[in-house]
Amino acid sequence: MMKTTLKGSGASAPHADAESSALKHDKRSEQAMRVMLVDDQLDVLTSLGRLLRALGYDVRGARDGLEALSCAETFRPDVALIDLSLPGLDGCDVARRMRALDATRDTRLIAMTGWATEECELRTRAAGFDLHLVKPLSLDELTNALSGGLTDVHRT
């Protein structure tokens with residue numbers, strides 16, 4: 001197997017280079033909304049990254065909590081889509097730390113998770129997330145969330 005690095009994320013994964021092409025920087029996206037994807041599942045990271053790039057977003061990816069914080073400090077995303085179940089720091093820890101950093105204090109934080117419980121939604125609100133979305137996400141739900149059209153943290 002060949003190891004590749006997702007550009008801008010530092011994550012190594014045993015997949016072909018084509019798998020990470022959706023997350024590479026593109027000069028055409030200098031003015032595009034900056035979106036950071038954080039998910040430990042490479043297939044989610046890659047497919048969602050490709051979709052967002054096709055829609056015109058400037059995308060970076062991270063596969064764990066510590067990598068997400070490092071990426072966030074340098075990339076300074078406008079929006080971060082963060083899975084809650086991550087190795088190292090979980091998504092709520094990432095959100096709390098991003099809220100504490102000057103560079104990411106105002107980043108729109110969106111939890112994307114398979115957990116649809118009220119307890120989980122309360123946890124994401126307390127951690128500083130702006131929105132709680134439950135996977136799988138529809139295209140409309142995703143684009144509305146990124147643009148700020150969805151604002152209710154209890155939206156599932």
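The values are calculated or read from the model by the stated rules, or taken from the named source; none is laboratory data. Predicted model, so just to flag it, every value in this text is computed and none were measured. Positions of Cβ are backbone-derived with ideal geometry, glycine not excepted, and every protein chain shown enters the neighbour counts.
From the list A18, A54, A22, A100, which one is hydrophobic (A, V, I, L, M, F, W, C), surrounded by fewer than 19 Cβ atoms within 10 Å (Cβ to Cβ), on the phi < 0 side of the Ramachandran plot and at pLDDT below 95? Show your work before the answer.
Details: A54 fails: at pLDDT below 95; A22 fails: surrounded by fewer than 19 Cβ atoms within 10 Å (Cβ to Cβ); A100 fails: at pLDDT below 95.
Only one candidate qualifies: A18.
Name the residues in the stretch 46-80 that are outside any helix (DSSP H, G or I) and in contact with a Leu (Cβ under 6 Å, 6 or more places away or on another chain), would you?
Filtering the stretch 46-80 for residues outside any helix (DSSP H, G or I) gives 55-64, 76-80.
Selection gives V59, G61, D64, V79, A80.
For (1) within 21 Å of T46 (Cα to Cα); (2) without any contact (Cβ under 8 Å) to a residue 40 or more places away in the chain; (3) surrounded by 12 or more Cβ atoms within 10 Å (Cβ to Cβ), each residue gets a yes or a no:
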position: C71; (1), (2), (3): yes, no, yes
position: I82; (1), (2), (3): yes, no, yes
position: W115; (1), (2), (3): no, yes, yes
position: T124; (1), (2), (3): no, no, yes
position: G128; (1), (2), (3): no, yes, yes
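Does T46 count as β-branched (V, I, T), loosely packed, with under 13 Cβ neighbours inside 10 Å and at pLDDT 50 or above? So that I can check it myself, show each step before the final result.
Working: β-branched (V, I, T): yes; loosely packed, with under 13 Cβ neighbours inside 10 Å: no; at pLDDT 50 or above: yes.
Spelling it out, it is not the case that T46 is β-branched (V, I, T), loosely packed, with under 13 Cβ neighbours inside 10 Å and at pLDDT 50 or above.
Report those helices (runs of 4 or more DSSP H) wholly inside the stretch 83-156 carrying at least 1 residues which are within 16 Å of L37 (Cα to Cα) and of a type in the set (V, I, T). Write out each step before concluding.
Details: elements: 91-100, 118-127, 139-147.
Passing ranges, in order: 91-100, 139-147.
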